[in-house]
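What follows is a short report on a single structure.
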Amino acid sequence: MKKTILAIETSCDETGIALVDASGGFSNPKFKVIKNLVSSQIKIHRPFGGVVPGLAKREHIRNLPLLFKSIFRKSDFLNIDLIAVTVGPGLEPALWTGITFAQELAKKYKKPLIGANHLEGHLYSFLLSQKTASSKLKVRSSPPKVDPPRAEKLLFPAVVLSVSGGHTVLLLMKNLKAWKRLGETKDDAAGEAFDKVARMLNLPYPGGPEIEKLALRQAQGKHPKGTIDFPRPMLNQKNYDFSFSGLKTSVFYYSRDIEAKKREKNIREISQNVSRKLASKADIAASFQQAVIDVLVAKTMRAARDYGARSIILCGGVAANKSLRKMLKTKCYMSHLIFHVPLMEYNNDNAAMIAAAAYMGLSRKKKYKLEANGDLNI
Ligand code: KG4
Ligand code: ZN
């Protein structure tokens, strides 16, 4: 079953359009990314410290035709078999802009249109391993390159750790089209915790990459993983759920106390002429990041052991974190498990992964209503 898919993603603050050749059915899926453009709204939301739904909607409405015009000629539509669009989860006003745009295209060019689940997009994003095109528009896309084909075999059962700004979920996959949820976060998603902690440290949105940058700075020193023993919530509970809000609160109190101590220290140093080192921002960032990674990795490996998994799949925006990738990869290696992770450009939201989700959805005969569903789960 070969399909050329035009995919559209507008669930949050990235406007994405992609063109993907999919083949092989669900037993041997292959995705060749022909075009994959992402226009990021980060700069627009940054002053607000997070995504503003109304602004996201406005920007998607502005960006969709621009991205579309920049990469598609009318004749491209002769080759397109279907259009896919994200229907959820995400911000409903933002989702609707993509759905409406896709409906207009489908009508104009007389193409079938199907809805796709954003989380299934992340789930299948490790299967995307081909060329991407650059664009004249200012888009968040790495330079064109040909990526090596996926070397490792897909072995099941597989445990999936999907970690993004909106979700943190562990899945058990029997095969590429059948899975069950083992656990999920009870409060904040891992990416959300990164974003909130970054805000406490006066770092810009999105916080994940900023925390990682600071943690990398700390990693060059004597205490690469940080010196602060933040809690590892739910680590020892025999379930596969997560919780990050307590950890976030610990960081808040710690940073607040440090600030107070710094003020006190300054006063004392001036009067007594002494100098004592207090934890730096980089130390806090590295210690926090390590606490999150320890919990994510321990729970994933426990699930893999309990269910006799043969592979582990890491995905979602937080999967861009190099320390997380490295630690999970090492653990997989030590446990003789195959490790799958998307190429860097497919971790954060993009439309190529939506094409993959749509294609796999066809194989699974899964249909989503063409309406925004902010709370859609996997
Ligand atoms: O998947 P994604 O692009 O959007 C959602 O579906 O939520 O994930 C975005 C999240 C944000 O919370 C962002 O801070 C986090 O992924 N993130 C990271 C890194 N890059 C992005 N978290 C930790 N380390 C990173 N390098
Ligand atoms: Zn996402």
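The values are calculated or read from the model by the stated rules, or taken from the named source; none is laboratory data. Model, not experiment: these values are computed from the prediction. No Cβ is skipped: glycine too gets one built from the backbone with ideal geometry, and neighbour counts run over all protein chains shown. Heavy atoms of the whole protein, side chains included, go into the accessibility calculation; ligands, DNA and RNA do not. Shrake-Rupley method; radii C 1.70, N 1.55, O 1.52, S 1.80 Å.
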Does residue 372 satisfy being in a helix (DSSP H, G or I) and modelled with pLDDT of 95 or more? no
Inspect all residues belonging to the range 288-295 and state whether any of them is open to solvent by less than 10 Å² (accessible area, probe 1.4 Å), closer than 18 Å to residue 182 by Cα, more than 16 Å from ligand 1 (Cβ to nearest atom) and not in a loop (DSSP other than H, G, I, E, B). no
Which residues, counting only those in the range 304-323, are over 16 Å from the mean Cα position of the chain (by Cα) and in a helix (DSSP H, G or I)? 304, 305, 306
Scan the range 188-228 for residues that are in contact with a His (Cβ under 8 Å, 6 or more places away or on another chain), farther than 15 Å from residue 245 by Cα and either at pLDDT 95 or above or of a type in the set (D, E, K, R) (or both) and jot them down. none
Evaluate the following for residue 108: is it more than 28 Å from residue 375 (Cβ to Cβ), away from ligand 2 (no atom under 16 Å from the Cβ) and either at pLDDT below 95 or open to solvent by less than 60 Å² (accessible area, probe 1.4 Å) (or both)? yes
Index of the failed condition, residue 350 passing every other in (1) closer than 19 Å to residue 170 by Cα; (2) out of contact with any Phe, Trp or Tyr (no Cβ under 6 Å at 6 or more places or on another chain); (3) part of a loop (DSSP other than H, G, I, E, B): (1)
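Residue-wise test of (1) aliphatic (A, V, I, L, M); (2) closer than 25 Å to residue 377 by Cα.
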{"residue": "41", "(1), (2)": "no, yes"}
{"residue": "46", "(1), (2)": "no, no"}
{"residue": "55", "(1), (2)": "yes, yes"}
{"residue": "58", "(1), (2)": "no, no"}
{"residue": "65", "(1), (2)": "no, no"}
{"residue": "74", "(1), (2)": "no, no"}
{"residue": "80", "(1), (2)": "yes, no"}
{"residue": "90", "(1), (2)": "no, yes"}
{"residue": "93", "(1), (2)": "no, yes"}
Take the conditions within 20 Å of residue 13 (Cβ to Cβ) and at pLDDT below 95 and apply them to residue 125. Does it pass? no
